[in-house]
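Report on the structure given below.
Derivation of every value follows stated rules applied to the coordinates shown; laboratory data play no part. Quick caveat, the model's predicted, so the values are computed rather than measured. Note: ideal-geometry Cβ built from the backbone for every residue, glycine included; neighbour counts use all protein chains shown.
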Amino acid sequence: MSHTMLQLNGMHVKFEPGQSILDVATNSGIEIPTLCYLKEAAPTGACRMCMVEVAGARSLVAACSTPAAEGMEIWTDSERVHRARKLNIELLLASGEHDCLVCEANGNCRLQDLAYKYGIIQVRFPRSFHPHQKEEENPFIIRDFSRCILCGRCVQACNEVMVNRAISYGYRGSHSKIVAGTDQSYFDSDCVFCGQCVQVCPVGALVERKSRYRGRTWELKKVRTTCPYCGVGCQLWLHVNDEGRIAKVTAVEDGAPNKGRLCVKGRFAYDFIYSEDRLTTPLIKEGEGFREASWDEALDLVATKFTEIKEKYGPDAIAGVSCARSINEDSYQMQKLFRSVIGTNNIDHCART
Amino acid sequence: MFLCIGTNMIEAHPVAATFLKNAVLNGAELIVVDPRKQPLVTFATLHVPINVGSDIAFLNGVMHVLITEELYDKEFVSSCCVGFEELKAKILEYPLERAGEITGVSEGMIRDVARRLAAADSCMLCYTLGITEHTCGKNNVMSTANLQMLLGNMGKECGGVNPLRGQNNVQGACDMGALPNVFPGYQAVINPDCRAKFEKAWGVSNLPDKNGLMIPQMMEGLKSGAVKAFYIFGENLANSEPDIAKVEEELSLAEFVVCQDIFPTETTRFADVIFPAAAWCEDDGTFTNSERRVSRVRKVSEPPGIARPNWWIFKELARRMGHEWQSDSSREIWDNEISVLAPNLMGVKYRRIEKDGLQWPCPDEDHPGTCFLHREGKFTCGLGQFNPVDWTPPAEVADEEYPFVLSTGRRLYQYHTRTQTGRADMDFLLPEETADISPADAVRLGIEHDELIRVRSRRGDVKVKAHVTEQVPPGMVWMAFHFRDACANWLTNPVFDPATQTAEYKACAVTVEKI
């Protein structure tokens with residue numbers, strides 16, 4: 001690969017043809033703030049947050065969508081760059097209902113982080129009126145257009161990453177809106193509720209409904225685990241609150257095998273474990289129903305019954321089916337019980353069906 | 001290039017499908033072989049709508065073109081495979097005329113598929129239960145392997161025969177020896193050396209030396225009286241097995257049934273004792289995915305009430321039957337037993353899979369894991385063995401009395417018998433079962449979209465809403481098994497592949513009746 005050189009904040013750095021200014025800066029350990037940039041999708045330069053100064057260029061350029069070129073002289077942190085970014089943040093803050101106190105994204109908001117970083121203490125522009133209604137009709141995703149900054153990350157995640165092709169840009173000017181289909185609700189559109197749009201939303205425009213009031217971002221602990229649904233084995237972050245309850249699920253970025261992606265079940269169907277239907281105590285059949293029992297009683301009953309049946313009919317009169325959803329260690333234990341304790345190979349599971 | 005046969009991965013493996021869709025948008029070719037115009041077809045270069053259960057005739061037809069037009073990978077076949085002459089002899093019995101007649105697709109289309117496959121540098125073949133859930137399931141799989149070997153598409157990163165596993169830990173349950181013929185790590189129970197190894201490890205003598213029963217044989221055993229006690233761990237057999245009426249009769253005949261689950265289910269009704277178990281997130285452990293990747297599962301909360309981890313329940317039962325087991329956590333079970341006893345997993349230890357998991361074979365602790373098998377055409381068993389197979393029709397085909405073919409599968413918004421998704425708001429997205437039928441059949445029978453109809457097979461009948469859709473070809477009904485009331489398994493045929501005992505969920509004959 002041929003290497004070429006440019007100047008970044010006065011340093012001479014190498015780059016590879018095809019890299020953007022943002023790529024080069026990131027590789028050199030220089031942070032350029034972004035809002036709309038989404039790693040797996042084509043850069044759009046929509047948010048203008050990553051603007052940098054390039055010697056000889058008429059105006060500031062978007063680092064995400066400008067290719068690095070031989071001999072370029074780039075300044076990522078100049079006074080001019082700062083002024084432009086601050087103005088940009090002020091305009092974004094004025095563009096909607098960015099009231100952090102009641103926003104679910106508080107503490108997990110790129111716009112909030114940038115406003116803090118650039119010391120925006122006052123917004124000089126009047127807040128714009130937002131014509132679009134909030135959508136809260138489904139149990140999974142809340143769409144609050146008054147908080148949307150039209151960065152387009154959700155559109156890219158939906159179309160380029162997940163390729164579900166459910167959302168796009170709609171309307172024009174101050175009426176601009178991210179629309180599903182012909183401006184339908186997610187439910188009525190082609191949306192398949194993978195929730196990738198929520199994961200990439202840098203503000204509070206798209207939030208998980210199930211996570212509301214389950215804890216603020218800074219109160220949640222992240223625990224990595226593997227999804228309990230299909231055989232892909234997606235890696236999840238469980239965002240767990242003080243009570244040990246999952247507040248939300250996101251994908252592990254860069255984790256194998258899913259590389260930050262999830263589907264509807266992996267992201268939203270985690271809360272079956274909290275169902276009131278859960279079995280909570282051993283049960284023993286009595287008449288037409290069941291009665292509660294202690295572990296000692298239930299385990300002794302099964303051990304005695306298995307021993308009796310084994311003695312009377314032989315070990316092959318006992319058969320067992322293991323669970324293809326539970327952990328490896330459970331299946332190991334069950335086959336060990338059948339083979340080494342009961343004395344039969346009558347152990348199977350649903351792989352064949 | 002991808003050849004997807006019998007896999008509705010956009011619905012059943014949505015995240016895997018996103019990577020395939022990305023590749024297609026980047027210019028990869030995709031051939032979808034499926035009777036239905038399922039969602040993947042939208043992205044396909046070519047959709048090959050073969051008749052239900054005609055996969056082998058199709059694949060043999062494709063191989064006929066490859067062999068007669070000399071388009072196959074001669075070098076790979078001669079240096080890495082055995083049995084080519086036998087394969088060729090069988091394939092020559094499937095000229096395109098015959099293959100076309102059985103599959104219902106044109107000779108030109110079969111030839112087109114073959115030539116495209118031959119022209120591609122490599123092709124990844126993906127399948128799911130559309131291949132295995134047939135009375136000829138094993139032969140279907142053999143046939144896909146024959147094709148990929150013939151094309152020299154084995155041992156490459158973007159090649160191979162790739163089954164997408166239906167549930168999160170089907171691969172792992174197999175690896176752990178929850179199968180009647182093998183110990184953990186696929187060590188045969190009929191092999192005296194393997195038995196000696198496990199006798200020593202487990203401190204027992206006389207481990208049973210003959211293969212045990214597979215699930216359908218267990219069910220038959222309940223009826224014949226050969227099986228008296230049945231221990232069902234985390235399976236809802238009363239909804240998931242074919243022919244629910246038969247399954248429930250068999251379960252009711254058991255002398256003693258133990259169920260271990262997280263919810264009461266249709267199956268726990270038959271239990272004499274129910275053990276309440278810890279669920280996902282309530283225990284530490286590992287799952288193994290379709291890529292043979294062993295990944296960590298972590299505990300974040302306690303089980304409800306006095307429910308306990310499954311491994312603990314088995315350990316306690318063993319103790320009460322006179323066997324003290326040492327390991328006292330999932331980690332100890334894995335690190336001290338499983339990864340010591342299963343050769344392919346010896347390098348997988350909990351400390352190595354804190355972040356991303358490891359793909360087996362991973363024979364030692366310095367091994368990075370194995371992304372794909374049979375590298376450079378060096379098959380695990382030495383040379384790749386062609387297994388010529390004949391097409392056989394489904395056990396039950398449409399006739400005058402039952403003129404429709406019923407095929408079954410899964411839908412995106414639910415999972416199996418809904419024990420989990422039914423308790424996680426997914427009913428909002430899919431509240432009931434439907435019988436998917438073609439617009440042509442709907443018009444012919446005077447059935448409106450959403451109209452309640454009756455679907456009947458020789459086993460039973462269900463009342464279900466008609467879903468009129470272009471996805472389904474005329475003559476077919478397609479249903480899932482997520483909802484008890486209109487569960488496809490009231491209708492499905494309890495016939496099984498003779499080798500694997502996998503049920504023919506994908507084909508039986510039904511009538512569609514206006515009510």
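For the reader, a short list of remarks on this structure follows.
- Spin-label model, A:Leu91 to B:Glu365: label points 7 Å out along the Cα-to-beta-carbon direction sit 5.9 nm apart.
- With helices as the sole contributors, chain A gives -6000 deg cm²/dmol at 222 nm; each DSSP H run of n ≥ 4 counts as -39500 (n - 2.57), and the sum is divided by every residue.
- Shape category assigned to the stretch A:63-166 from the gyration tensor of Cα positions, a/c cut at 1.5: oblate
- Ranked list, fewest to most other Cβ atoms within 10 Å of each Cβ, for B:Thr492, B:Thr42: B:Thr42, B:Thr492
- Chain A, relative contact order [Cα under 8 Å, separation at least 6], %: 10 percent
- Whole-number D in µm²/s for the stretch A:167-311 (Stokes-Einstein; Kirkwood sum over Cα pairs; 4 °C, 1.567 mPa s): 68 µm²/s
- On the principal axes of its alpha carbon atoms, the stretch B:404-514 extends 39, 37, 23 Å, with the longest extent given first.
- B:Asn26/B:Glu75 FRET efficiency (R0 22 Å; Cβ-Cβ; nearest 0.05): 0.15
- ³J(HN,Hα), Karplus 6.51/-1.76/1.60, whole Hz, each residue of the stretch B:105-119, x for Gly, Pro: 10, 6, 4, x, 5, 5, 5, 4, 4, 4, 5, 5, 4, 5, 7
- Mean residue ellipticity at 222 nm, helices only, chain B: -8000 deg cm²/dmol; runs of at least 4 DSSP H residues each add -39,500 (n - 2.57), and the sum is divided by the number of residues.
- Geometric descriptor of the stretch B:301-440, per residue, is 321 Å³ (volume of the convex hull of the Cα atoms).
- Taking chain A as a Gaussian network of alpha-carbon nodes connected by springs under 10 Å, the highest mean-square fluctuation of the residues A:Ala303, A:Ala62, A:Ala256 belongs to A:Ala303.
- Over all pairs of different C-alpha atoms in the stretch B:312-391, the reciprocal of the mean inverse distance, the Kirkwood hydrodynamic radius, equals 15.5 Å.
- Counting beta carbons within 10 Å around each of B:Val77, A:Val123 and listing the fewest first gives the order A:Val123, B:Val77.
- Dipole of the stretch B:309-401, positive direction: furthest Cα of B:His374, B:Ser339, B:Asn310, with charges on the beta-carbon: B:Ser339
- In units of the compact-protein estimate 2.2 N^0.38 Å, the stretch A:314-353 shows a Cα radius of gyration of 1.12.
- Tail beyond 19 Å, pair distance distribution of the stretch A:218-274 (Cα, percent): 22 percent
- Loop-resident GluC sites (Glu not before Pro) (DSSP state other than H, G, I, E or B) in the stretch B:408-515 with no more than 16 further Cβ atoms inside 10 Å of their Cβ: B:Glu432, B:Glu448, B:Glu451, B:Glu470.
- Amide proton proximity set for B:Gln385, modelled H, under 5 Å, gap of 5+: B:Val82
- Residues whose placed amide H lies under 5 Å from that of A:Val179, excluding near-sequence neighbours: A:Ser168, A:Tyr169, A:Gly170
- FRET efficiency, A:Trp218 to B:Lys378 (Cβ-Cβ, R0 41 Å, nearest 0.05): 0.20
- Largest first, the three principal axis extents of the alpha carbons in the stretch A:4-77 are 27, 25, 18 Å in whole numbers.
- For the protein assembly as shown, alpha-carbon Rg relative to the globular expectation (2.2 N^0.38 Å, N residues): 1.01
- Rel. contact order, % - alpha carbon contacts under 8 angstrom, at least six apart, the stretch B:404-514: 37 percent
- Legend: residue pairs B:Lys156/B:Lys210; B:Lys200/B:Lys378; A:Lys222/B:Lys349; B:Lys21/B:Lys156; A:Lys305/A:Lys336; B:Lys74/B:Lys156, Cα-Cα distance threshold 25 Å; pairs beyond threshold, B:Lys156/B:Lys210; B:Lys200/B:Lys378.
- Cβ-based net charge around A:Ala68, under 14 Å, with every Lys or Arg adding one and every Asp or Glu removing one: -3
- Estimated vicinal HN-Hα couplings, Hz - the stretch A:56-72 in sequence order (Karplus 6.51, -1.76, 1.60; Gly, Pro = x): x, 7, 5, 10, 5, 10, 7, 5, 5, 10, 9, x, 5, 9, 3, x, 4
- Taking only alpha carbon atoms, chain A gives an Rg to Rh ratio of 1.13, where Rh is the Kirkwood radius.
- Likely footprinting exposure, A:Cys227, A:Cys109, fewest C-beta neighbours within 10 Å first: A:Cys109, A:Cys227
- Binned Cα-Cα distance frequencies in the stretch B:87-231 - 10 Å width, integer %: 9, 24, 30, 20, 13, 4, 0
- A cut-off of 5 Å between modelled amide H atoms, ignoring neighbours fewer than 5 places along the same chain, links B:Leu358 with B:Val294.
- GluC sites (Glu not before Pro) within the stretch A:134-169: DSSP coil, no more than 14 neighbouring Cβ in 10 Å: A:Glu136, A:Glu137
- Mean projection area, nm², convex hull over Cα of chain B: 25.2 nm²
- Here the stretch B:2-164 yields Rg over Rh of 0.93, to two decimals, using C-alpha coordinates and the Kirkwood radius.
- Karplus-derived HN-Hα couplings along the stretch A:78-94 (A = 6.51, B = -1.76, C = 1.60, θ = phi - 60°), whole Hz, x at Gly and Pro: 7, 4, 5, 5, 4, 4, 5, 5, 4, 4, 4, 5, 4, 5, 5, 5, 7
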